[in-house]
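The values are calculated or read from the model by the stated rules, or taken from the named source; none is laboratory data. It should be emphasised that the depicted structure is a prediction, and the values quoted were computed from it without experimental measurement. Glycine gets a Cβ as well: all are built from the backbone with ideal geometry, and neighbour counts include every protein chain shown. Just the protein is used for accessible areas: all its heavy atoms, side chains included, with ligands, DNA and RNA removed. Shrake-Rupley method; radii C 1.70, N 1.55, O 1.52, S 1.80 Å.
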Amino acid sequence: MKLLAIDCAANLCAACIYDTGVGAELGREVLDLGKGHAEHLMAVIEAALKAASTGYHDLGAIAVSIGPGSFTGLRVGVSTARGLALALKIPAIGVTTLEALAAEGANAFPGRAVLAALDAGREEIHAALYDKTLVETYGPSVTTLAEATTMAIGAEAVLVGTAAPQIAAAAGRAFDTGPAAATADIATYARLASAKGPGERPKPLYLRGADAKPQAGFILPRQDKGNGA
């Protein structure tokens, strides 16, 4: 089966075609955009299809990174994956950025616990801890640097993700470290989705609510509609 994987969770706008039968990538396209995923994603997908000499109707599933990550990027990626899956009548499979990064850490340091940790700003970290068999034992959750550091030391974990340098600095010691990135390689998402198989429809993983809040001063008072009013 040929699987399309897409990732808009962070700075990259990425797509690849993956042959699940032989476990091999057939073609990819990756742009380092920062922003503007919505304007470029379909062209990126089509470039990956072309590189793999594949058409939409050759696909058997779609994988998508579901976060945590960029609020807008996640919405773009997940809505595109779900729309294509619906149109093509194939499953869409979600993979978190934390599990994808953890898989790369485990590949670099087999048989070790892995702490995937992303800097979320406001002195917060998005984290998930995986044991030596890559079973999730904590998270995905919002945590503090101190809590993440305690977890890393207690598990003797390999560190991955953008918060890895912060955790090592806070611990005052060296750790084995995988990719200190905001997202994993696009083929990692494809491989993990292939192993998962179909499940619930993917939706963005938001560990923290949107920043915007209604301003009470702009809420009009309710007017009773009594007689003669």
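Please work out if Ala116 is among the hydrophobic types (A, V, I, L, M, F, W, C) and either more than 30 Å from Leu59 (Cα to Cα) or surrounded by 24 or more Cβ atoms within 10 Å (Cβ to Cβ) (or both). Yes. Entry remark, segment 64-88: residues being assigned to a helix (DSSP H, G or I) and in contact with a strand residue (DSSP E or B) (Cβ under 7 Å, 6 or more places away or on another chain) number 8 in total.
Summed over segment 1-26, residues that are touching a strand residue (DSSP E or B) at 6+ places or on another chain (Cβ under 6 Å) and open to solvent by less than 10 Å² (accessible area, probe 1.4 Å) total 11.
When the residues of segment 27-44 are filtered to those that are assigned to a loop (DSSP other than H, G, I, E, B) and open to solvent by 50 Å² or more (accessible area, probe 1.4 Å), which remaining residue is nearest to Gly73 (Cα to Cα)?
First, pick out the residues of segment 27-44 that are assigned to a loop (DSSP other than H, G, I, E, B): 33-36.
Next cut, open to solvent by 50 Å² or more (accessible area, probe 1.4 Å) only: 33, 35.
Details: Leu33: 11, Lys35: 8 Å.
Restricting to residues being assigned to a loop (DSSP other than H, G, I, E, B) and open to solvent by 50 Å² or more (accessible area, probe 1.4 Å), the top hit is Lys35.
Among the residues of segment 104-117, write down those that are touching a Leu at 6+ places or on another chain (Cβ under 6 Å) and assigned to a helix (DSSP H, G or I). Walk me through it before giving the result.
Restricting attention to segment 104-117, the residues satisfying the condition of being touching a Leu at 6+ places or on another chain (Cβ under 6 Å) are 106, 115-116.
Answer for segment 104-117, where residues must be touching a Leu at 6+ places or on another chain (Cβ under 6 Å) and assigned to a helix (DSSP H, G or I): just Ala106.
Is it the case that segment 14-23 has a residue that's in a helix (DSSP H, G or I) and over 12 Å from the mean Cα position of the chain (by Cα)? No: segment 14-23 contains no residue that is in a helix (DSSP H, G or I) and over 12 Å from the mean Cα position of the chain (by Cα).
Residues being assigned to a helix (DSSP H, G or I) and surrounded by fewer than 16 Cβ atoms within 10 Å (Cβ to Cβ): count how many of those fall in segment 45-63. Break it down into steps so the answer makes sense when it comes.
Of segment 45-63, the ones assigned to a helix (DSSP H, G or I) are 45-51, 56-58.
Subsequent filtering for residues that are surrounded by fewer than 16 Cβ atoms within 10 Å (Cβ to Cβ) retains 46, 50, 56-58.
Residues flagged as assigned to a helix (DSSP H, G or I) and surrounded by fewer than 16 Cβ atoms within 10 Å (Cβ to Cβ) within segment 45-63 amount to 5.
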